[in-house]
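Here's the structure we're looking at; comments come further down.
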Amino acid sequence: MAPTFKVTSIAKKRKAFSLRALQENLTGYAFVAPAVIIILIFGLFPIVYSLYMSLFNWRIRKGDFTGLINYTKIFGDWGGFAIFMGGLGLLGLAYWLWTRASKSNSNPMRALQIGAAVVLIVAGTIMSMGWGKMVAAGDEDFLNSLIITIFYAVGTVPLQLAIGMVFAYLLYQKIRGKEAFRMIYFLPYVTPVVTTAVVFRTIFSSRETSLANIILSWFNAGPLKWLFEPRAMSEVFLGLKLEGIAAGPSLALGTIILFGIWSFFGYNTVIFLAGLGGIPKELYEAAEIDGANGWNAFKNVTIPLLSPVSFYLFLVSFIGTFKAFNHLYVMATPNAQNTVVTASVQIFDVFYAQNNFGYAASQSIVLFLIILGLTVAQNKILGERVFYG
Amino acid sequence: MRNKFFAIIAVLLVATFVMAACVPAATTTPEPVATEEVQPPAAEPTKAEAPAATEVPAPADEWADVDPSGQQILFWHQHTKDREAALLEIVDEFNTTNEWGITVTAEYQGSYGDIFTKMLPILNTPDVPDLVVAYQNQAATYQLTEGLLDLNSLVNSPKWGISEEDQMDFFPGFWAQDVFPNFDNARLALPPNRSMEVMYYNSDWLKELGYDAPPATPEEFKEMACKASTTPFSKATVEGSIGYELSVDASRFASWTFAFGGDVYDYEGNAFTYNSDAGVAAMTFLKDLFDSGCARQVTEAYGDQTDFGNGSLLFTVGSSSGLPFYAQAASEGANFAWSVAAIPHTTTEPVMNVYGASVSVPRTTPERELAAFLFLKYYTSADVQAKWAKVSQYFPVRASVADKMADYFASDPAYKTAFDMLAYSHFEPPVPGYDFVRDEIEATMAAIVDGGDVVSLLDAVNIKANEILADQLAQIK
């Protein structure tokens, strides 16, 4: 009988414990409940509902269930999609090989590095093949808009971060009126984006008398069409006649990139300034004693210790550029053709102009997954390089 | 844990491909265009033709027992400044004088486009307004969900409707414009006003150039425009001059195509015809103007209005609803004499592009729908129309209103000139998806004036426009 008594006793204890634990946790659950509910309703529900919509022929009203047909319409050819994803997988493999090789200088590792480079080339070729098949059979407009989005992100984020960091570093020095400068730099970020985009549109109009063209004339340069120029910058400035992705962004998109940088570098400056405030002064003093000049201190102290902030800003900015809409919509001109139509603008057009809600939802889900994938990849690749002190 | 994760991913991937295989493959065959024909819009609205829309009277008055008393009506509109003030005055008068105690609240909800985007997600929900301004193509899009009330039964209701005499008073072309053959001849709106695409010209400058009258043909237009580009206006307040400024816009495309004797839509074949001979001729003509340095593109919002006002632009084509703004720009700018005329044409008579948003009644409750209609009936009554036309500078939609506007015609000769051209009106197609088609046309026009090949670009955009049309019409159940 003794064992039975023991078991009953333990069960009672466990029950009492779990009840007590539940009572204790209940307060915690009550505190987090409002946040969880808000996130569920306004954060997760729209995503799940978009996913649901994307599985239907949902025009202005809900139509038949069509499964993945909207996704098939995007990618056109699942074989092409599979090839592309295979290339992406090889890209990951190349990265893994490269990082392993980088950890050692021995000869086998050198061979590994060469192997990584080969895999990289193969991955690029396979991705290109897969992409070509998708563009040929799928939704060319949407797939091209993804490329334009990447052009926009790559053109905007690194420059706005670099400028933000440099300005923050300058403002961190002992200079007069730095509060005023801080405010001036932050102004573009707090000014309504539609207003500033309209002003930019006027400054960068194709007229010979536009402000941008007047400034060019001071340097004896001819007028440019700016936001009205669909040709790639490589052609406008370098005379290169490249086709497709290799040609790079159009001058119209380049002008919008300029706006993106101008609009957001002030925000980055302020965040970097906060980060700079967290770097112990002793480190600079120690560097100075060791004979480091200003550049060396910036390179070896400031940049590494700002890396958590840089990492955060990089992630947020990158996601932001993928979701950017307002200024792109305002600054787009018919003359730029489809060279400034990013994914978010394309989705908007499909939703409202074509009133194809289900298909727009499927495009949104694809964009969401791309952002998620890129964020995870950035987290993996850049996160390992962040120095937390 | 890691293995479990990969197993889940693998299962999901397999499920994805299985689902992809289960659904029917995406078809590349264009969906068939609905076979029901869109009727061509009636031309020559001032001729006393019997309106086609209301020939079949309702068999019984289904509205006879509906009571609109005490209803609160919400009206979404796009009017601002003087027009909004005048509309609010009309609304106030209705609210204080109507015998049923109906209260209308007029709310500005942004531009036509803003209202369209706000309406789409709320159609057939309790959030819809009771009255909403809508272009014909927008109303057609709303009706894809049967979101609007067919006003035929109300218009012809013996108890509440518009009398036959009053119906005949509407310009027939305007009256017929809100009847949609694609939707079993449903009347989806009533027209409170219309505008027209006209050519604005600087008459003082024309005299300086040695011309007594505005151009009537494209050849004359080119000659004058090119001369102006090299001979600036003496009163101009800025340097430089240009003959014509084109804003790339689907209505401009339609206006020039009409002027060259064609149309952008084949109402018998139910298809867009942007690559018609007239369309090609019109765009080739405009491209030639650009190539000759006699025209340039409008690059800023209302930039042509500004240039016209400061005396550096001889001709521009735009909506007659811009009359007050051009008048202001000219008087505050180079201060010169100006007027409007028909767009230079190759046809024997001008063909003018007339358009305008009507007011639709989204589906709500019978009581609210009736109350909304009663306001609409009031809004389109002759006396209110006269008041509305004078303030808004839109054209009234009823012939009898002209008699009440003699003083106004005398004070604004440009308005009278445009009003007289209503006899030559023609319309853009009232089909769903036209907003999307317009975007495509704008991009095509931009490519043409940037040096693209007219024929191949118009061929390509025509295919795209018809694909959009087919896609939209396929939604009609």
Quick one: is A:S50 of a type outside the set (V, I, T), surrounded by 20 or more Cβ atoms within 10 Å (Cβ to Cβ) and under 25 Å from the mean Cα position of the chain (by Cα)? no
Looking only at the range A:106-123, decide whether some residue is within 14 Å of another protein chain (Cβ to nearest Cβ), part of a helix (DSSP H, G or I) and of a type in the set (K, R). no
Only one of these is within 25 Å of the chain's Cα centre (by Cα), modelled with pLDDT under 95, under 24 Å from A:Y312 (Cα atoms) and in a helix (DSSP H, G or I): A:L258, A:L159, A:L187, A:L171. Name it. A:L187
Which numbered condition trips up A:K133, out of (1) outside the structural domain of A:G92 (by TED's automatic domain parsing); (2) among the basic types (K, R); (3) without any contact (Cβ under 8 Å) to a residue 60 or more places away in the chain? (1)
Yes or no: the range B:433-454 includes at least one residue that is over 25 Å from B:F171 (Cβ atoms), away from chain A (no Cβ under 14 Å) and surrounded by fewer than 19 Cβ atoms within 10 Å (Cβ to Cβ). yes
Of those in the range A:74-89 that are surrounded by 19 or more Cβ atoms within 10 Å (Cβ to Cβ) and not aromatic (F, W, Y), the residue farthest from A:A137 (Cα to Cα) is A:G87
Working carefully through the options A:A246, A:A197, find the one that is in a helix (DSSP H, G or I) and under 27 Å from A:F264 (Cβ atoms). A:A197
Quick check, is B:L422 more than 29 Å from B:S339 (Cβ to Cβ), surrounded by 17 or more Cβ atoms within 10 Å (Cβ to Cβ) and touching a residue at least 60 places away in the same chain (Cβ under 8 Å)? no
A:L216 fails exactly one of (1) away from chain B (no Cβ under 14 Å); (2) in contact with a Pro (Cβ under 7 Å, 6 or more places away or on another chain); (3) among the aliphatic types (A, V, I, L, M); (4) closer than 19 Å to B:G451 by Cβ, namely (4)
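Residue-wise test of (1) in the same structural domain as A:Q337 (by TED's automatic domain parsing); (2) in contact with a strand residue (DSSP E or B) (Cβ under 9 Å, 6 or more places away or on another chain); (3) among the small types (G, A, S).
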{"residue": "A:I245", "(1), (2), (3)": "yes, no, no"}
{"residue": "A:G248", "(1), (2), (3)": "yes, yes, yes"}
{"residue": "A:I271", "(1), (2), (3)": "yes, no, no"}
{"residue": "A:G277", "(1), (2), (3)": "yes, no, yes"}
{"residue": "A:Y284", "(1), (2), (3)": "yes, no, no"}
{"residue": "A:A292", "(1), (2), (3)": "yes, no, yes"}
{"residue": "A:L313", "(1), (2), (3)": "yes, no, no"}
{"residue": "A:V316", "(1), (2), (3)": "yes, no, no"}
If we keep just the residues of the range A:327-361 that are in a helix (DSSP H, G or I) and more than 14 Å from chain B (Cβ to nearest Cβ), which is farthest from B:I468 (Cα to Cα)? A:H327
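Determine if the range B:278-292 includes at least one residue that is crowded, with 18+ Cβ neighbours inside 10 Å and of a type in the set (S, T, N, Q).
Step one: of the range B:278-292, the residues crowded, with 18+ Cβ neighbours inside 10 Å are B:278-283, B:285-287, B:289.
After this cut, where a residue has to be of a type in the set (S, T, N, Q) as well, the list is none.
No, the range B:278-292 contains no residue that is crowded, with 18+ Cβ neighbours inside 10 Å and of a type in the set (S, T, N, Q).
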If you go through the range A:187-197 one residue at a time, do you hit one that is among the aromatic types (F, W, Y), within 14 Å of chain B (Cβ to nearest Cβ) and under 20 Å from A:I257 (Cα atoms)? no
In the range B:340-391, what residues are more than 29 Å from B:T145 (Cβ to Cβ), among the charged types (D, E, K, R) and in a helix (DSSP H, G or I)? B:D383, B:K387, B:K390
Which of the residues that make up the range A:222-243 are farther than 23 Å from B:E442 by Cβ, of a type in the set (A, V, I, L, M, F, W, C) and part of a helix (DSSP H, G or I)? A:M233, A:F237, A:L238
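Among the helices (runs of 4 or more DSSP H) lying completely within the range B:59-163, list those that include at least 1 residues that are within 14 Å of chain A (Cβ to nearest Cβ). If you could, list the steps in order and put the result at the bottom.
On the way: elements: B:81-97, B:112-119, B:136-143, B:152-155.
In the range B:59-163, B:112-119, B:136-143 are the helices (runs of 4 or more DSSP H) which contain 1 or more residues that are within 14 Å of chain A (Cβ to nearest Cβ).
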Residue list for the range A:37-71, filter: closer than 18 Å to A:F368 by Cα, outside any helix (DSSP H, G or I) and not aliphatic (A, V, I, L, M): A:S54
When you go through (1) more than 21 Å from the chain's Cα centre (by Cα); (2) in a loop (DSSP other than H, G, I, E, B); (3) away from chain A (no Cβ under 14 Å); (4) not charged (D, E, K, R) one by one for B:F315, which number turns out not to apply? (2)
Among the residues of the range A:233-258, write down those that are away from every other protein chain (no Cβ under 14 Å) and within 25 Å of B:A301 (Cα to Cα). A:L253, A:G254, A:I256, A:I257, A:L258
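The values are calculated or read from the model by the stated rules, or taken from the named source; none is laboratory data. Since the model is a prediction, treat every value here as computed from it, not as a measurement. Note that we place each Cβ from the backbone using ideal geometry, even for glycine, and neighbour counts take in every protein chain shown.
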